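The values are calculated or read from the model by the stated rules, or taken from the named source; none is laboratory data. Keep in mind that what you see is a predicted model, and the values were worked out from it rather than measured. All Cβ positions, glycine included, derive from the backbone under ideal geometry; neighbour counts span all protein chains shown. When the accessible area is computed, the model is the full protein with side chains, heavy atoms only, and any ligands, DNA or RNA have been set aside. Shrake-Rupley method; radii C 1.70, N 1.55, O 1.52, S 1.80 Å.
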Amino acid sequence: MSYIDGFVCAVPTNKREEYQAHASKVAKVFKKFGAERVVEAWGDDVPDGTLTSFPLAVKCKPDETVVFSWITWPSKEVRDAGMAEVFKDPICDQEANPMPFDGKRLIYGGFKTIVEY
């Protein structure tokens, strides 16, 4: 079964193209170090909730859009080794290539796949 890294963040809506360019560069790095698939999905139908929701989780502001992303790895072992290399790559240097969103509101985690078709 695959291993998945999942991410949710709020990106300034007017920075969509900048985010897409940044994500495309970084996706190539993930693939270089073992990721099978990298998906970046721009929010299109993401309702506000009253108790919980994607927008609430990332404190999405009116001028921001929720982005939902995931990386599929063949195993946790490949992911652990790959992630160690990803963060050494110059493209992932936050000073040289900063993320075009507030990384403090990024939600992320690693998930063991339990059902996969």
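Points worth noting:
- You will find that of 18, 64, the residue that is touching a residue at least 24 places away in the same chain (Cβ under 8 Å) and in contact with a strand residue (DSSP E or B) (Cβ under 6 Å, 6 or more places away or on another chain) is 64 and no other.
Table: residues versus (1) out of contact with any Phe, Trp or Tyr (no Cβ under 8 Å at 6 or more places or on another chain); (2) closer than 22 Å to residue 82 by Cα.
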| residue | (1), (2) |
| --- | --- |
| 18 | yes, no |
| 24 | yes, yes |
| 32 | yes, yes |
| 35 | no, yes |
| 38 | no, yes |
| 43 | no, no |
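- Residue match in segment 44-57 (condition: of a type outside the set (Asp, Glu) and under 26 Å from residue 96 (Cβ atoms)): no
- Taken over segment 23-58, the criterion of being within 19 Å of residue 77 (Cβ to Cβ), in contact with a Gly (Cβ under 8 Å, 6 or more places away or on another chain) and outside any loop (DSSP other than H, G, I, E, B) is satisfied by 30 alone.
- Looking across segment 46-75 at every residue that is more than 19 Å from residue 109 (Cα to Cα) and open to solvent by less than 30 Å² (accessible area, probe 1.4 Å), the one that is modelled with the lowest pLDDT is identified as 49.
- Residue in segment 93-109 that is open to solvent by less than 60 Å² (accessible area, probe 1.4 Å) and among the hydroxyl-bearing types (Ser, Thr, Tyr) present: no
- For segment 1-28, the set of residues classified as open to solvent by less than 50 Å² (accessible area, probe 1.4 Å) and over 15 Å from residue 69 (Cα atoms) consists of 2, 12, listed by residue number.
- Evaluated against (1) open to solvent by 60 Å² or more (accessible area, probe 1.4 Å); (2) under 19 Å from residue 3 (Cα atoms); (3) of a type outside the set (Lys, Arg), residue 34 falls short on exactly one condition, (1).
- Residue pairs whose Cβ atoms lie under 7 Å apart, separated by 6 or more positions or on different chains, with the first residue in segment 102-117 and closer than 30 Å to residue 14 by Cβ and the second loosely packed, with under 13 Cβ neighbours inside 10 Å, are 105/59.
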